[in-house]
Amino acid sequence: MQPRRWDVFCRVIDNFGDIGVCWRLAAALGARGEQVRLWLDDDSALAWMAPGGAPGVSVQRWTAEPPALAPGEVVIEAFGCAPPDSFVAAMAKQAAAGHPPLWINLEYLSAEAYVERSHGLRSPQFSGPGAGLDKWFFYPGFSAATGGLLHDGSALANDPAGARAWLLAQPWAAGLPANARLLLLFGYPSPVWRALLPLLAPPGTVLLLPLGGLCSQLQAGTPPIGSRLLALPHLPQPDFDRLLAATDVNIVRGEDSFVRAQLCSAQPFVWQIYPQQDGAHGLKLEAFLDRYLSGSPEPLAHDIRQLFRAVNGLAARPAHVPDINTWQPLHQRWRRQLLAQHDLCSELLRFVANKQA
Ligand code: TRH
C-alpha cells in the first residue's frame, strides 16, 4: 500500500511530554512506512531526545507565519493544539476539491470512563477556517474501547539483566556497584519528597535523577541516610526506555514516562501525575489506580494506593511502602494485560483506513 502523508502538530506547553509523545508517535508511524511531517513550535529537546532522527519523519518549524505547505492525507493535532488557520483553510480547500484530509485530535491519556465514551467521536466544525470539516477524537487508553498505548520498546522488560549491563556500561554510571539498588526518580519538584524519600530509598539505594527541577531540589538538600544521588544527562528516548528497564523501581511523571514505566519495565513504578489547577488530576489518579489495582488483594492494593496518593500530595506519608515481592507480580500481570491490547499506532492506522475507505 502507498504510504500516507501525515501532518502532526505539536505545541510544547512545558517540560518534555508534549514533544515526547508526538515524537514517539511520529517515529512509530515512520517505522510502519508512513511519511510524517512533525510540526513543532519548539524543537529544542529533539537535540537530545532524538539526535539521529527517525526514518520517514521530517521536522517542520511551526512559526508565527507558517509556510504554505499542502496538507497530507491525515492531520493530527496533539492535545487540541489547534493547527494554524492558514493550514486549516488549506485543508478546507482540499476538502472542497474532493480530497478531505482526515483531521484527528489526539487527546491526553486518562483511565477515566469518559475516554471510552468519547473515543472515535466526530466533531463537526461550524465556524472558522475549517467550517464544514469534521474533526475526530482519538483517545489513548487502557482498554480495548480506546485507542490503546504505543507499544514500541516493550520487549525491554523481558531482559532486565541486559538493560542493567547496558546501564553499567554508560559513562555516567562509572563506579556504580553492579548490585546497587537503583531508583529512578523522574518527578516534579515538590515538598513531599523530603518525607517520602527515606521510605522509598533505604540505605544502599542509588537515586538516579534526570536533569531538571527535582534534581536541583534534591541536590540542594541532604540525601536520605545511606543513599546516594546520581544526576543523569538527558538521554535519547530509546536509552530512557532502557533506563526504565534497568532499575529496581521507577518513579515517573506526566504521560509518556508513566506509560513507558508500565510497558518497558518488569519492576513496579510510582506515578507523580501532572498537577492541574482545578484538582482534576486527583480524579485521574484514582481512575488509573482503580484499573491498575483491580482484582489485587488487600492490604497490597491499599498500600499502593496510599503511596501513589502521598507522592501526589493527596494523602499523608504512609507508615510503610508496599512489599515489592507481592507488588511485582501485580505489575507484571497488568503489563501483560496492556500488551494484549492493540497498540495505538495499529489502532490509528485502522481508524484512518476505515474513515478513508
Ligand atoms: O516531562 P513531562 O512532565 O511532560 C508532560 C508535559 O508537562 C505536558 O505539558 C503534560 O501535558 C504532560 O506531561 C502530561 O513528563 P512525560 O510525559 O513523562 O515526558 C517526558 C518525556 O521525556 C518522555 O517522552 C521521555 C523523555 N525523556 C527522554 O527521552 N530522555 C530523558 O533523559 C528524560 C529524562 C526524558
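Tell me, which residue of segment 75-116 that is on the phi > 0 side of the Ramachandran plot and within 16 Å of the ligand (Cβ to nearest atom) is farthest from the chain's Cα centre (by Cα)?
Here the residue is A82.
Among the numbered criteria (1) assigned to a helix (DSSP H, G or I); (2) in contact with an Asp or Glu (Cβ under 7 Å, 6 or more places away or on another chain); (3) farther than 27 Å from F79 by Cα, which single criterion is violated by H331?
(2)
Which condition from (1) of a type outside the set (V, I, T); (2) assigned to a helix (DSSP H, G or I); (3) in contact with a helix residue (DSSP H, G or I) (Cβ under 8 Å, 6 or more places away or on another chain) is the one that H302 breaks?
Exception for H302: condition (3).
Do any strands (runs of 3 or more DSSP E) entirely within segment 1-74 hold 3 or more residues that are crowded, with 20+ Cβ neighbours inside 10 Å and on the phi < 0 side of the Ramachandran plot, and if so, which?
5-10, 35-40
Do any strands (runs of 3 or more DSSP E) entirely within segment 97-156 hold 2 or more residues that are modelled with pLDDT of 95 or more, farther than 22 Å from S294 by Cα and touching a helix residue (DSSP H, G or I) at 6+ places or on another chain (Cβ under 8 Å), and if so, which?
Filter on segment 97-156 gives 102-106, 134-138.
Search segment 305-328 for residues being outside any helix (DSSP H, G or I) and among the hydrophobic types (A, V, I, L, M, F, W, C), and hand back the single one that is nearest to Y188 (Cα to Cα).
Looking at residues that are outside any helix (DSSP H, G or I) and among the hydrophobic types (A, V, I, L, M, F, W, C), I get L314.
Under 8 Å between Cβ atoms, at least 6 apart or on separate chains: pull out the pairs that start in segment 260-289 with a residue that is free of Cβ contacts under 8 Å to residues at least 40 places away in the same chain and surrounded by fewer than 20 Cβ atoms within 10 Å (Cβ to Cβ) and end on any residue that is not in a helix (DSSP H, G or I) and not β-branched (V, I, T).
Close Cβ pairs (under 8 Å, with a partner that is not in a helix (DSSP H, G or I) and not β-branched (V, I, T)) amount to H281/Y274; H281/P275; H281/N312; G282/N312; G282/L314.
The values are calculated or read from the model by the stated rules, or taken from the named source; none is laboratory data. If you're wondering where the values come from, they're calculated on a predicted model, not measured in any experiment. Methodologically, a virtual Cβ is constructed for each residue, glycine included, from the backbone with ideal geometry; neighbour enumeration extends over all protein chains shown.
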